[in-house]
1. Considering B:VAL267, B:VAL252, B:VAL246, B:VAL280, which residue is away from the ligand (no atom under 16 Å from the Cβ) and within 25 Å of B:LEU356 (Cα to Cα)?
2. Inside the range A:26-59, can you point out the residues that are away from every other protein chain (no Cβ under 11 Å), touching a helix residue (DSSP H, G or I) at 6+ places or on another chain (Cβ under 8 Å) and either in a loop (DSSP other than H, G, I, E, B) or of a type in the set (Gly, Ala, Ser) (or both)?
3. Just one of the numbered conditions (1) in contact with a helix residue (DSSP H, G or I) (Cβ under 8 Å, 6 or more places away or on another chain); (2) under 23 Å from A:GLU143 (Cβ atoms) is not true of A:GLY78; which one?
4. Among the residues of the range B:187-224, write down those that are of a type in the set (Ser, Thr, Tyr), within 15 Å of the ligand (Cβ to nearest atom) and at the interface with another protein chain (Cβ under 10 Å from one of its Cβ atoms).
5. Any residue at all in the range B:125-136 that is of a type in the set (Ser, Thr, Tyr) and under 19 Å from the mean Cα position of the chain (by Cα)?
6. Keeping to the range A:108-137, report how many residues are at positive phi and touching a helix residue (DSSP H, G or I) at 6+ places or on another chain (Cβ under 8 Å).
7. Go through the range B:340-351 and give me each residue that's within 18 Å of B:ARG318 (Cβ to Cβ) and within 11 Å of the ligand (Cβ to nearest atom).
8. Taking only the range B:160-204 into account, find how many residues are surrounded by fewer than 23 Cβ atoms within 10 Å (Cβ to Cβ), closer than 24 Å to B:GLU229 by Cα and touching a residue at least 40 places away in the same chain (Cβ under 8 Å).
Amino acid sequence: MARAWVFGDDLDTDQMVPGRYAPFMVGQDKFHLYTFCDARPGFAKEVQPGDVLVGGENFGCGSSREYAVAALKKLGVGGIVAKNFARIFFRNCINLGIPVLESEDAVALARDGDQVTLDLAAGVLRTPHGEARLRPLAAFAQEILAAGGVVAYLREHGDFPRVP
Amino acid sequence: MPKTLAEKILSRASGRDAHAGDLVIAPISRVMVHDSVIDAVMAGLRDLGKAHVWDTSRVAVFIDHAAPAPTPVVADSHRTLREWVREQEIATFYDAGEGVCHQIMVEEGYCEPGTVIVGSDSHSNSYGAVGAFGAGMGATDVAVALALGRTWLRVPESIKVTFAGKPRKGVTMKDAIMRVVREIGTDGARYACVEFHGAGSLPQGDRITLAGMTTEMGAKAGIVADTPEAPGWLFPDRGASYANEVTIDLSVLEPQIAVPPRVDQVVDISEAIGQPVDIVFLGSCTNGRLVDMRQAASILRGRRIAPEVRLEVVPSSRRQFEDAMADGTLLALSAAGAVIGSSGCGPCLGRTGGVLAGSEICLSTANRNYRGRMGSPDASIYIGSPYVAAVAALTGVIDDPRPYLEATEDELDALVAAEIDD
Ligand code: SF4
């Protein structure tokens, strides 16, 4: 079980890690400690490895800053379920090995603080109020996630997964 | 099957008949990297086990986002970047003060029309100003692009935006693109390519404003059709299919204002008149060119900005800076009370050159007004054209710039006095 952290629509990357706490402003070893410092004070201290972020539309919009995703990765976020994602954020998550799943009903079902289970094999997010169905990821993205990210995939295979 | 511009470019690049929804692997004509992500890009290359970029002649590197360095940590990062550029023997390198990456990429001709360009910045869409498929990506994608010279892309659906008519005096293509953002919304073009029709013959700067701000609609790319730079094969086919179509009649367009904290919360200027501002920022890849500075100077020349307002002017590249010095534009702005910053991103992203204090209100000509974008999370950012910026600096409030442009000297004095008295 993991805790669900529920957010609304249009959660932008400036809210995940504000620009003033970019790694090259505060150092590579510290930037993740400011994750959601304005939007959800206390998050960086309380989040546990495996916790799941749940959001609405356009999750991760705004700047292409990958360190927003790197911060979530460092804090051990186990997956993100949202109605849909901003494109650069989506790519960054796949590349760094954080499962990103689209679901129409997760944000309505999950309440902040719920104990949830992200079951990728079954394609559902289990919440105390019911199961949210997850849209299956493209095989290409699944292969990269399975390797733990694009760097690991390329080190192993030397090239991208085959496209259909 | 008829194709959109995005489908044509990605078909040609990937060597297959690609349509919206297909996944392709495409060679890249150039990779753009800037200072704010370089550490992560270098780490990515290291993790990939690559000592060298795939082709040094196809890489362009910029120090523009926090430049000149505002803190020792940033200075260290810049030094590492310079060392890396030397060691990789990358000739296309622009150090602090040369300007914003996107402006230089387009004005120096680094964007080959009809090709795929990967940039480490979300506004890399700007390269569509000259018919390139520019896509912004994160540091790891950029590292992979630098290592392999290729990237993977899902061929996007396209949204067709058609401009009809000519804008009236005092209304600019910045107003036009804000009107489009208002229509489409911040995620209305998510994963899509925005294809502009009726804008190909506009000046290059206006086309950069259009293509770059497709990012504010979530777009993967923004491409202007029928530009003078485009090769003969690059035109949208008749009958190509679009996910959405929007037409904007420029002849009736009013100046537009984006109200904080959303860039798609856009209103006609009449709804924002009288809003006080503390600081005005004229600059960025969206509106930091000579023409933008000239528009502002046309209102500010020979006058002083309101005593309670600060005006920051940051030219988008050294070329724009020098042109604006040579023709007296910068002198006029400085004499009016502007702080002139060195070319670069400046305060656009709140790292350097005059960040916002809590509760301050800014009128910016840039492209984003998120909470915290330009400094304190308690500051508010309105977005508008350079004309609107100039009037806000002059009077301390948001106002319709058109009466100021048409006014005689005496009428102008009266207009300013009326605002200051209010
Ligand atoms: S000027 Fe602003 S929007 Fe443009 S590249 Fe720089 S930070 Fe980004």
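1. Details: B:VAL252 fails: within 25 Å of B:LEU356 (Cα to Cα); B:VAL246 fails: within 25 Å of B:LEU356 (Cα to Cα); B:VAL280 fails: away from the ligand (no atom under 16 Å from the Cβ).
Of B:VAL267, B:VAL252, B:VAL246, B:VAL280, the one residue that is away from the ligand (no atom under 16 Å from the Cβ) and within 25 Å of B:LEU356 (Cα to Cα) is B:VAL267.
2. So in the range A:26-59, the residues away from every other protein chain (no Cβ under 11 Å) come out as A:29, A:32-36, A:40-55.
So of that shortlist, the ones also touching a helix residue (DSSP H, G or I) at 6+ places or on another chain (Cβ under 8 Å) come out as A:32-36, A:44, A:53-55.
A:THR35, A:PHE36, A:ALA44, A:GLY55 - these are the residues of the range A:26-59 that are away from every other protein chain (no Cβ under 11 Å), touching a helix residue (DSSP H, G or I) at 6+ places or on another chain (Cβ under 8 Å) and either in a loop (DSSP other than H, G, I, E, B) or of a type in the set (Gly, Ala, Ser) (or both).
3. Every listed condition holds for A:GLY78 apart from (1).
4. Quick first cut of the range B:187-224, residues of a type in the set (Ser, Thr, Tyr) only: B:191, B:201, B:209, B:214-215.
Subset that is within 15 Å of the ligand (Cβ to nearest atom): B:209, B:214-215.
B:THR215, the sole residue that qualifies.
5. Of the residues in the range B:125-136, the ones of a type in the set (Ser, Thr, Tyr) are B:126-127.
Pick out the ones that are also under 19 Å from the mean Cα position of the chain (by Cα) and you get B:126-127.
For the range B:125-136, residues of a type in the set (Ser, Thr, Tyr) and under 19 Å from the mean Cα position of the chain (by Cα): present.
6. Step one: list which residues in the range A:108-137 are at positive phi, which gives A:113, A:123, A:130.
From what is left, the residues that are touching a helix residue (DSSP H, G or I) at 6+ places or on another chain (Cβ under 8 Å) are A:130.
Within the range A:108-137, residues that are at positive phi and touching a helix residue (DSSP H, G or I) at 6+ places or on another chain (Cβ under 8 Å) number 1.
7. Of the range B:340-351, the ones within 18 Å of B:ARG318 (Cβ to Cβ) are B:340-346, B:348.
Passing the criteria: B:SER343, B:GLY344, B:CYS345, B:GLY346, B:CYS348.
8. 8
The values are calculated or read from the model by the stated rules, or taken from the named source; none is laboratory data. For clarity, every value in this text was computed on a predicted model and none was experimentally measured. Glycine also receives a Cβ, built like all others from the backbone with ideal geometry; neighbour counts cover every protein chain displayed.
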